[in-house]
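Right, one structure below, let's go through it.
The values are calculated or read from the model by the stated rules, or taken from the named source; none is laboratory data. Everything numeric in this text was worked out from a predicted model, so none of it was measured. Note that we place each Cβ from the backbone using ideal geometry, even for glycine, and neighbour counts take in every protein chain shown.
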């Protein structure tokens, strides 16, 4: 019986993870849950999965009568975070969105625990200081899970190219001049995947794929010159690895996040899950297209930032999250997202981070710079 801790349990990845636990209760159990605040969703998860530990960042949101009611160890604050990330469990599953996942990821890896994560922001920001621990990570992102599986049993020195695929998002065929009129609802309406808000907007700008390039560099220890992106509207080929002998190994499935999540939990085994299998006899077209870097400038910028290295990937990650939040709150138009990010990048000059405190400093200073740039642009 595997024991897991699910951090970000009430979000998209967290709820899907618990659905897999529900279907495989004979193989896996939940020892700990973590969420930013107490909610009805978390309350129901506690009652169903009966974890021993629950971490709530905003502890004041927990009704005091419930703390006494449950036979659970509730944790909060820095001490609680250290405790929840150092449990005797077989696997940590991190579904926390954005830069909020940096500290939990840092502590999990520093405690030398096994980690399955969908939080690319943490991987990117911690890459310069924790990449020695990245071999313990099982990626949950469908693209990186695809590469992880396509590399299984292979020597990385034989890699010629890693190819990440992108659906193209909801605006693949929308002219760039109409981006200024895009609504939040339209940007959140991804054609293939059901995801959280932040990653959905990143997919609409193709920044998500740009961040995945940097993430792939760190996770698989390959140079940027060997990482490419292709647009694949059908979203059934999730990633490919081309080897020096001309062989290409790919991972193919219907777009369903439960597949990579289940693989991460069951690894190195595979568990059966209830999904719609691909009917190859009815597939009429599989397309691969070169990205339009002029229309989606953040994809090109992300790769350039990755190659620059140092503090720049941290700055890019923070600036993107802030710009996306501004768009989600309807304070900027969709076409202003790359403008804000580019201007923030132009104003920074930080040393390469060498420890966690350096990364926290860069994040805080980038947030200050973003506020200045926002006044200039708007």
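Residue 154 - would you say it is in a loop (DSSP other than H, G, I, E, B) and more than 30 Å from residue 54 (Cβ to Cβ)?
yes
Surrounded by 14 or more Cβ atoms within 10 Å (Cβ to Cβ) and on the phi < 0 side of the Ramachandran plot: is that true of residue 35 in this structure?
So residue 35 fits the description; yes.
Yes or no, residue by residue, for (1) touching a helix residue (DSSP H, G or I) at 6+ places or on another chain (Cβ under 6 Å); (2) free of Cβ contacts under 8 Å to residues at least 40 places away in the same chain; (3) closer than 14 Å to residue 124 by Cβ; (4) in a helix (DSSP H, G or I):
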residue	(1), (2), (3), (4)
305	yes, no, yes, yes
314	yes, no, yes, yes
338	yes, no, no, yes
342	no, no, no, yes
346	no, yes, no, yes
350	yes, no, no, no
361	no, yes, no, yes
366	yes, no, yes, yes
372	no, yes, no, yes
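Please enumerate the residues belonging to segment 205-222 that are over 17 Å from residue 299 (Cα atoms) and over 14 Å from the mean Cα position of the chain (by Cα).
220, 221, 222 - these are the residues of segment 205-222 that are over 17 Å from residue 299 (Cα atoms) and over 14 Å from the mean Cα position of the chain (by Cα).
Hey, can you tell me all the residues within segment 198-221 that are assigned to a loop (DSSP other than H, G, I, E, B) and modelled with pLDDT under 95?
Hit for segment 198-221 is 221, nothing else.
Which condition does residue 268 not pass, out of (1) in contact with a strand residue (DSSP E or B) (Cβ under 8 Å, 6 or more places away or on another chain); (2) outside the structural domain of residue 216 (by TED's automatic domain parsing); (3) surrounded by fewer than 18 Cβ atoms within 10 Å (Cβ to Cβ), if it passes all the others?
(1)
Check whether at least one residue in segment 243-250 is buried (at least 20 other Cβ atoms within 10 Å of the Cβ), touching a residue at least 24 places away in the same chain (Cβ under 8 Å) and either under 19 Å from the mean Cα position of the chain (by Cα) or not in a helix (DSSP H, G or I) (or both), and report yes or no.
No.
Quick check: is even one residue across segment 335-351 surrounded by 20 or more Cβ atoms within 10 Å (Cβ to Cβ) and more than 20 Å from the chain's Cα centre (by Cα)?
yes
Evaluate segment 76-94: report whether one residue or more is surrounded by fewer than 19 Cβ atoms within 10 Å (Cβ to Cβ), out of contact with any helix residue (DSSP H, G or I) (no Cβ under 8 Å at 6 or more places or on another chain) and over 23 Å from residue 118 (Cα atoms).
Scanning segment 76-94, I find at least one residue that is surrounded by fewer than 19 Cβ atoms within 10 Å (Cβ to Cβ), out of contact with any helix residue (DSSP H, G or I) (no Cβ under 8 Å at 6 or more places or on another chain) and over 23 Å from residue 118 (Cα atoms), so the answer is yes.
Do you know which of the residues in segment 167-197 that are buried (at least 18 other Cβ atoms within 10 Å of the Cβ) and assigned to a helix (DSSP H, G or I) is farthest from the chain's Cα centre (by Cα)?
179
For residue 239, are the conditions met, namely being over 30 Å from residue 26 (Cα atoms) and surrounded by fewer than 15 Cβ atoms within 10 Å (Cβ to Cβ)?
no
Quick one: which of 273, 278 is part of a loop (DSSP other than H, G, I, E, B), modelled with pLDDT under 95, closer than 19 Å to residue 250 by Cβ and not assigned by TED's automatic domain parsing to the domain that holds residue 340?
278
For segment 143-158, indicate whether the set of residues that are out of contact with any strand residue (DSSP E or B) (no Cβ under 9 Å at 6 or more places or on another chain), without any contact (Cβ under 8 Å) to a residue 24 or more places away in the chain and surrounded by 20 or more Cβ atoms within 10 Å (Cβ to Cβ) is non-empty.
no
Among what's in segment 42-93 and is farther than 28 Å from residue 23 by Cα and part of a loop (DSSP other than H, G, I, E, B), pick the residue that is farthest from the chain's Cα centre (by Cα).
Looking at the filtered set, the residue picked out is 63.
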